[in-house]
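Asker: Structure in structure tokens, see below.
The values are calculated or read from the model by the stated rules, or taken from the named source; none is laboratory data. What you see is a predicted model; the values in this text were computed from it and never measured. In this analysis, Cβ positions are derived from the backbone assuming ideal geometry, glycine residues included, and neighbour counts consider all displayed protein chains.
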Amino acid sequence: MADSATATGPLSAEELRLIDAYWRAANYLSVGQIYLLDNPLLREPLAPRHCKPRLLGHWGTTPGLNFIYAHMNRVIRNWDLDAIYVIGPGHGGPAIVANAYLEGTYSEVYPSIARNTDGMRQLFRQFSFPGGIPSHVAPGDPRLDPRGR
């Protein structure tokens, strides 16, 4: 994919490579939230015990939301735009949580969800799981805020 970018194209080969890597990382974090309870980096062969018994969230909406998020970040940075990405209340929640986690915002608000393997495990376990966060885009539930607000 990166080989198709030229100096005269809209993106350099390096920009395309970085956006593609970011998009793939967001997709992985999204699918991990939907399916995984453990083994977040797949360091051992995937087994049934690693998977959630009940799945919520819609993978079909996720890659598109992640694609828009990645490119909007590029556009906002390149042109110093004041913009906001408004997302409806559907089951695309894993995409937005994944992007907030990737950029570090999620861990700032929820410091117990660190940006490491244990934090990924917690991120995956809490999504659409009892005591966790909803599968749809929703405002933060104060009862879930570790700071008690």
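Asker: State all residues of segment 48-80 that are of a type outside the set (K, R), exposed (fewer than 10 other Cβ atoms within 10 Å of the Cβ) and in a loop (DSSP other than H, G, I, E, B); if no residue qualifies, say none.
Answerer: The answer is P53, D80.
Asker: Okay, next question. Mind checking which pairs have a first residue in segment 97-115 that is exposed (fewer than 14 other Cβ atoms within 10 Å of the Cβ) and a second that is not in a helix (DSSP H, G or I), Cβ under 6 Å, 6 or more apart or different chains?
Answerer: Correct list of pairs: S112/P146.
Asker: Mind telling me which of the residues L37, L65 ends up being in contact with a Lys or Arg (Cβ under 7 Å, 6 or more places away or on another chain) and either over 21 Å from A21 (Cβ atoms) or without any contact (Cβ under 8 Å) to a residue 60 or more places away in the chain (or both)?
Answerer: After applying the criteria, what remains is L37.
Asker: Would you say N39 is among the polar types (S, T, N, Q), modelled with pLDDT under 95 and either out of contact with any Gly (no Cβ under 7 Å at 6 or more places or on another chain) or closer than 14 Å to F129 by Cα (or both)?
Answerer: No: the conditions fail for N39.
Asker: Right, here's the next one. Give the residues of segment 84-117 that are of a type in the set (G, A, S) and not in a loop (DSSP other than H, G, I, E, B), sorted by residue number.
Answerer: G93, A95, A98, A100, S107
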